[in-house]
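**Q** I have a structure I would like to understand better, so I am pasting it below and will then ask my questions one at a time.
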Amino acid sequence: MYGNNPANGNANQYANGDRQRITAQQAAEIAVARISGQIIHVDLELDNHLLKYEVYVLTDQGVVYEVEIASKDGRILSVEMED
């Protein structure tokens, strides 16, 4: 449920040399601290040389938010309501 493993099988080292600093579980905890709700999905993506988690949170009101979190330091990069 929490993220994808890279093709080389090593969850902490990626082809571009970036190291994952926080876990998918930590990213999920950061996301629900910002948007209260239930985690429905976590992806680990490489976007413009930045390794980030995309955490999808379902609120009690039935709204889904995508919270992007930098895997290096746990910074919240963006919060967007999904259509």
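The values are calculated or read from the model by the stated rules, or taken from the named source; none is laboratory data. Worth saying up front: this structure is predicted, and the values here are computed from it rather than measured. We place every Cβ from the backbone using ideal geometry, glycine too, and count neighbours over all the protein chains shown.
**Q** For residues in region 48-74 being surrounded by fewer than 16 Cβ atoms within 10 Å (Cβ to Cβ) and in contact with a strand residue (DSSP E or B) (Cβ under 8 Å, 6 or more places away or on another chain), which is modelled with the lowest pLDDT? Spell out how you get there, then give the answer.
**A** In the first step, residues of region 48-74 are kept if they are surrounded by fewer than 16 Cβ atoms within 10 Å (Cβ to Cβ); the result is 48-50, 59-63, 72-74.
Retained after the next criterion (residues that are in contact with a strand residue (DSSP E or B) (Cβ under 8 Å, 6 or more places away or on another chain)): 50, 59, 63, 72.
On the way: 50: 91, 59: 98, 63: 97, 72: 95.
Of everything passing the filter in region 48-74, 50 is modelled with the lowest pLDDT.
**Q** Taking only pairs six or more apart or across chains, which ones have beta-carbon atoms under 9 Å, a first residue in region 64-83 that is among the charged types (D, E, K, R), and a second residue that is surrounded by fewer than 17 Cβ atoms within 10 Å (Cβ to Cβ) and in a loop (DSSP other than H, G, I, E, B)?
**A** 66/82; 72/18; 72/21; 73/21; 82/63
**Q** Right, here's the next one. Among the residues of region 35-44, which ones are over 16 Å from residue 71 (Cα atoms) and surrounded by 15 or more Cβ atoms within 10 Å (Cβ to Cβ)?
**A** 35, 37, 39
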